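The values are calculated or read from the model by the stated rules, or taken from the named source; none is laboratory data. Note that the coordinates shown come from a computational prediction; the quantities given were computed from them, not determined experimentally. Cβ: placed from backbone, ideal geometry, glycine included. Neighbour counts: every protein chain shown. Just the protein is used for accessible areas: all its heavy atoms, side chains included, with ligands, DNA and RNA removed. Shrake-Rupley method; radii C 1.70, N 1.55, O 1.52, S 1.80 Å.
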Amino acid sequence: MADRMTIHLKIWRQEGPDAPGRFERYTVEDANSHMSFLELLDVLNEQLIREGTDPVEFDHDCREGICGSCGVVIDGIAHGPQRRTSACQLHMRHYADGDTIVVEPWRAKAFPIVRDLVVDRAAMDRIVEAGGYVSVDTGGAPDANAIPVPKVSSDEAFDYAACIGCGACIAACPNSSASLFTGAKIAHLAALPQGHPERARRVVRMVEKMEAEGFGDCSNHAECEAVCPKGISISAIATMRREYMKAAFAGQDV
Amino acid sequence: MILDSKVPAGPLQEKWDNYKNSVALVNPANKRKYTVLVVGTGLAGGSAAASLAELGYNVKSFCIQDSARRAHSIAAQGGINAAKNYPNDGDTVWRLFYDTIKGGDYRAREANVYRLAQISNSIIDQCVAQGVPFAREYGGLLDNRSFGGAQVSRTFYSRGQTGQQLLLGAYQAMARQIDAGKIEMMPRREMLDLVVVDGRARGIITRNLVTGELERHVGDAVLLSTGGYGNVYYLSTNAKNSNVTAAWRCHKRGAHFANPCFTQIHPTCIPVSGDYQSKLTLMSESLRNDGRVWVPKETGDPRPPSEIPEDERDYYLERRYPSFGNLVPRDVASRAAKAVTDQGRGVGETGLAVYLDFRDAINRLGKNVIEERYGNLFEMYERITGEDPYQVPMSIFPAVHYTMGGLWVDYELMSNILGLFVLGEANFSDHGANRLGASALMQGLADGYFVIPYTLGGYLAGMDAGDTDTNTAEFAQAEDESRARIDKLLSVQGDKTVTEFHRELGRLVWDHVGMSRTKEGLQGVLSEIQRLREEFWENVRIPGTPDTFNKNLEFAGRVADFMELAELMALDAIDRDESCGAHFREEYQSPEGEALRNDDDYAYVASWEYTGEVSKPKLHKEELEFENVKLTTRSYK
C-alpha cells in the first residue's frame, strides 16, 4: 500500500542564465511512497500554479530512464541517492515522512542555466558532432552478417553505447570533465570493426572539442561512474586515453 | 476530392522497383539548391535528415527536446523486424509482408506494406555499418528473437534498448552531417503551424522554447516526423512531450487525418498506481517469449501468486490461442486481459492487472539466461514497483502505446497537401488497424533511410528551388495566428490547471474510445468532449509569460489540440461499424468474443478533412484493394 507522506523541498530557482539564483523552500503534504521523484515535482507545481506562483521548470520526457532529459542534483548527488537510477526512476519509497530534500541543477561551466533546474547541454551534442559516428552514407552497407563481431566485443560496445547523454557524469565531476561521456562513445565505436577506420581521427577531434567547450580534464575521482544511471565504467576513460596516445604517436592525419 | 494513392503499376513484387526505375531524379549539382525542413528527430526524422543531407540537400532539422538524441523512439525496447531469415526458420519477404498485413487486420495498403518488408533487410545492414551493437551469437553473427503475430524469429535487438541504439545510430549520422554543414539543427523548437503558399507546403512557424520567440522557416518541402498522438489519453507509454500539435496544425491547413480511431493498447505495461501518476511504463513484448500470462481461476482470489497451485491458475492466452500462446498480437492479448479482469479475476490492489510469470523460464533456462535477455527490463520493473520479478511474477495491464492512425499519405509518403510529406508514426500508412511488435522501428527507418530519399527527389525535380521567402503574406498570417492563440491561452487565467484538463480528457477517451467501444458510449462522449473543450478555453490557468521558458504554456497548446483530436477519434470510431484490429466495437464480436470485421462495407481508409468546424469533419474513403492476399478472419488459435 502507498503511504502518505509530507516532504519538504529546498529548490534552486533562477529566472535565466544571467539572473541571480536562490533556494526557495516548499512543502508537499500529499506526497506518497509510490510516486516517482518527478511526480513529486509535478504535485508541487500544480500547487504553485494554484497559488499563483511560477512552477519549477525542469526537463523531463520519457520518464523511463532512457531519454536522458531529466537530471537534477538531489541532496548533493547527481540523480539522487539510488545508484544506477536516473531522477525519473527514483521513487519516494526511499524517503521518509517529514524528510527535506535539496534540489539543484547540473552545475558546470559548459552547462549554462536556462531556467530553474533546466540547463543547456548542447556542448555534449557538439562533442559527438566532432567525430562520434561512423562515416557511412545510407545505402552502401554490406550484408549485416558479412563481418562477424565477437560477442564479447559486441557486448562491450553495448555497455558503452548505453550512455543516455544526461550529463550527470559532468555534474558530479569536481573538474566538470566530460571524459566519461566522450570516452563512452569512443570506447563503443573502438570495440567494433565498423568503428576502426576512423578511430584516430575520432578520438583526436572529440578530445579537442571537449577541451574547447570548457569541460575540465579527468583526474580520476570516479565520481562520474558512481552517478552514471547506466553504470558506465570509467574504463571508457582509459580507452579514450589509450586511443588518444595511439593516434598521437601514429601521427595520423586528422 | 479523390484520394489518389499513387500505387505504381505491376505485380506487387515489382512495384517499388518500377517506381524507382521511373521516378524523376534531381542531379547532384542541383540538390544543394533545395532546402528541406524536417520536423522531429526520431527514427523517421533523424534517418531522413541524415540521408537527405548525405545526398546533398540542405536540411533544417527541428525538435522539441534539447537534443535530437532524446526523441521518443529512444524508449522503444524490444526490437526491429527484418526478413533476413538468418535463423533458417522459413522467413521470407512475403511472410513478413503477410504477417504485417494480417496483423493489421487487413486495413493497410498492400503495396506500402510489401515495400516495407522489402526494405527491412537493408535497414539492418545500414544500422550494423553505423556501429549499432545488436545482440550476437558466440560465433559473431546476429541473434534473433520472436515477437507477437509471427511464427518465425525475425526480430533483431540490442538487449531491451533497441530503440535507443537505432536512434543513436541515426542521431550520429545526423551529427556527421551537422559537422559537414549540411544539416542546420534547431533543438527546443516547437512547430506551431504549416505555411502553404500556392497550394504547396513551403514553410513552418516554430516557437523557440527558450525565448518564446516565434520564427519563420522556409523550404522547398516539409517533412513531418512528429510521432503519434497516444498522449490524448493522458496516461500512455509515450514520453511526456509527445503530442499531436504539428500534425493537427497541418490537418487544420488541409491535410487529411486518416483512421484516427486506430490506437494500440499494449498488453504488457506496469499498472496504474495512483491519481498522481504521470505516465505508464511499458514492459517489452519480448518478455512474452519467456513469460507466461495468467490469472487465478477463481474470482477475487486473495492469495499471493506463489500460494496459488498450478491447477488453480488460468494461463488464458495459452488456453484460448494454443498455436500462438503468449505471443498473440497486442490487440488480442489486451482484450483478453480486459476480459479476465472484467470477470473479477484481475490481481493486485486495484484488480486491474494480470501476472506475467517467469518462474518456469527461470527453472528451465536458469536465472543467468533470463538476466542476459531481459536484465534491464527486470531492473526497471523493480525500480518502479519495488518488487523483484525474479521472485514474484510481474503485474501487468494494457496501456495506450502507439497510434496507427495519422495524416493520410500516398505511396510517396506525401499528404494531400503538395510538398508535405509525413513519415513514421505520424502517418497512417503501414500498420492498418493494429501494429505488430518490432514493426514501428522498421517503418520509421524504412521511411527515412530508404523511401523518402527517392520520393522527395521525384517531387522536387518538378519545381524551382528557393522561389519563395518568409516575407509572404502566408507566413505573416500563420505567425500572427500562432501568436494570437498563445495570447488567448494566457489571457484566460481561470481556475483549473492544464494537467487537470488533460487528465479529465484522458479519462473520457480511455473510457469510451479505448480498448472497447460502443456506439452509445461514443455518441455520448462527443458532447462531453465538446463541453470540456469549452470549459478549457474559459477556465484554464496558465502561469508565466509567452516570452520565457514556460512548459505549462507548451503543454496548454498541446492539450488544446488533443481536445479537438479526441472528437475526431470518436467520430471515426462511430463511422466504423465493425471490429477490426485495435478498434473493437462491442456490437461486432463473435460468441467467443473475437473481433468481427466487415470487409464488404469497411475495407477502406477513413480519411477526414477539416471543414472549418471541428465537430463537422468530412469523410473521404480510400477503398483498399487486396489483389494478393485473401481476406480471412484472423485466427491465432
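Can you tell me which residue in segment A:20-46 is most open to solvent (accessible area, probe 1.4 Å), limited to those that are in a loop (DSSP other than H, G, I, E, B) and within 11 Å of chain B (Cβ to nearest Cβ)? Even if it seems obvious, please write down each step before you answer.
Residues of segment A:20-46 that are in a loop (DSSP other than H, G, I, E, B), as a first pass: A:20-21, A:33-35.
Subsequent filtering for residues that are within 11 Å of chain B (Cβ to nearest Cβ) retains A:33-35.
Details: A:S33: 13, A:H34: 49, A:M35: 3 Å².
Within segment A:20-46, the match that is most open to solvent (accessible area, probe 1.4 Å) is A:H34.
Give segment B:1-44 a look and list any residue that's surrounded by 13 or more Cβ atoms within 10 Å (Cβ to Cβ), over 21 Å from B:I123 (Cα atoms) and within 28 Å of the chain's Cα centre (by Cα), or say none.
B:L3, B:S5, B:K6, B:V7, B:P8, B:T35, B:V36, B:L37, B:V39
How do the helices (runs of 4 or more DSSP H) wholly within segment A:97-212 filter down when requiring 1 or more residues that are charged (D, E, K, R) and facing chain B (nearest Cβ under 8 Å): which remain?
On the way: elements: A:122-129, A:151-161, A:168-172, A:179-190, A:199-212.
The helices (runs of 4 or more DSSP H) meeting that bar are A:122-129, A:151-161.
Looking only at helices (runs of 4 or more DSSP H) that lie completely in segment B:1-107, which have at least 3 residues being more than 13 Å from every other protein chain (Cβ to nearest Cβ), under 30 Å from B:Y636 (Cβ atoms) and of a type outside the set (S, T, N, Q)? Write out each step before concluding.
On the way: elements: B:15-22, B:28-31, B:43-55, B:93-103.
Filter on segment B:1-107 gives B:93-103.
Of these, A:A238, A:A226, A:A248, which one is assigned to a helix (DSSP H, G or I), more than 19 Å from A:A123 (Cβ to Cβ) and modelled with pLDDT under 95? Walk me through how you get there before you give the answer.
Values: A:A238 fails: modelled with pLDDT under 95; A:A226 fails: modelled with pLDDT under 95.
The match here is A:A248.
Output the number of the condition that A:R63 fails; it satisfies all remaining conditions of (1) free of Cβ contacts under 8 Å to residues at least 40 places away in the same chain; (2) surrounded by fewer than 22 Cβ atoms within 10 Å (Cβ to Cβ); (3) within 17 Å of the chain's Cα centre (by Cα).
With (1) free of Cβ contacts under 8 Å to residues at least 40 places away in the same chain; (2) surrounded by fewer than 22 Cβ atoms within 10 Å (Cβ to Cβ); (3) within 17 Å of the chain's Cα centre (by Cα) applied to A:R63, the lone miss is (2).
Could you please tell me which pairs satisfy a Cβ distance under 7 Å, a separation of 6+ or placement on different chains, a first residue in segment B:134-152 that is more than 7 Å from every other protein chain (Cβ to nearest Cβ) and within 20 Å of B:L441 (Cβ to Cβ), and a second residue that is among the basic types (K, R) and open to solvent by less than 20 Å² (accessible area, probe 1.4 Å)?
B:D143/B:R136; B:N144/B:R154; B:G148/B:R288; B:G148/B:R330
Could you grab the pairs with beta carbons closer than 6 Å, sequence gap of 6+ or different chains, first residue in segment B:282-310 and closer than 19 Å to B:V392 by Cβ and basic (K, R), second one modelled with pLDDT of 95 or more and assigned to a loop (DSSP other than H, G, I, E, B)?
Close Cβ pairs satisfying both conditions: B:R292/B:Y315.
Any chance segment B:357-364 includes a residue that's crowded, with 20+ Cβ neighbours inside 10 Å and farther than 18 Å from B:F147 by Cα?
Residues of segment B:357-364 that are crowded, with 20+ Cβ neighbours inside 10 Å, as a first pass: B:357-358.
From what is left, the residues that are farther than 18 Å from B:F147 by Cα are none.
Among the residues of segment B:357-364, not one is crowded, with 20+ Cβ neighbours inside 10 Å and farther than 18 Å from B:F147 by Cα, which makes the answer no.
Would you confirm, using the coordinates I've provided, whether A:R84 is surrounded by fewer than 21 Cβ atoms within 10 Å (Cβ to Cβ) and assigned to a strand (DSSP E or B)?
Numbers: surrounded by fewer than 21 Cβ atoms within 10 Å (Cβ to Cβ): yes; assigned to a strand (DSSP E or B): no.
Here the answer is no, as A:R84 does not meet what is asked.
Every residue in segment B:108-126 that is buried (at least 23 other Cβ atoms within 10 Å of the Cβ) and either in contact with a His (Cβ under 8 Å, 6 or more places away or on another chain) or within 8 Å of chain A (Cβ to nearest Cβ) (or both), please.
Hits for segment B:108-126 are B:A108, B:I124, B:Q126.
Within segment B:500-532, restricting attention to residues that are basic (K, R) and open to solvent by 30 Å² or more (accessible area, probe 1.4 Å), which residue is nearest to the other protein chains (Cβ to nearest Cβ)? Can you show your working first?
Of the residues in segment B:500-532, the ones basic (K, R) are B:503, B:507, B:517, B:519, B:531.
From the residues that got through so far, the ones that are open to solvent by 30 Å² or more (accessible area, probe 1.4 Å) too are B:503, B:507, B:519, B:531.
On the way: B:R503: 10, B:R507: 17, B:K519: 36, B:R531: 22 Å.
Only one residue tops the list, namely B:R503.
So B:M185 ticks every box in (1) closer than 28 Å to B:I64 by Cα; (2) away from chain A (no Cβ under 11 Å) but one. Which box is left unticked?
Here B:M185 meets the rest and fails (2).
Determine, yes or no, whether B:L235 is open to solvent by 30 Å² or more (accessible area, probe 1.4 Å) and within 30 Å of B:L553 (Cβ to Cβ).
Values: open to solvent by 30 Å² or more (accessible area, probe 1.4 Å): yes; within 30 Å of B:L553 (Cβ to Cβ): yes.
So B:L235 passes the test.
Inside segment B:533-562, can you point out the residues that are open to solvent by 10 Å² or more (accessible area, probe 1.4 Å) and polar (S, T, N, Q)?
B:N539, B:T545, B:T548, B:N552
Which one is farthest from the chain's Cα centre (by Cα) among residues in segment A:7-19 that are within 11 Å of another protein chain (Cβ to nearest Cβ) and open to solvent by 50 Å² or more (accessible area, probe 1.4 Å)?
A:E15
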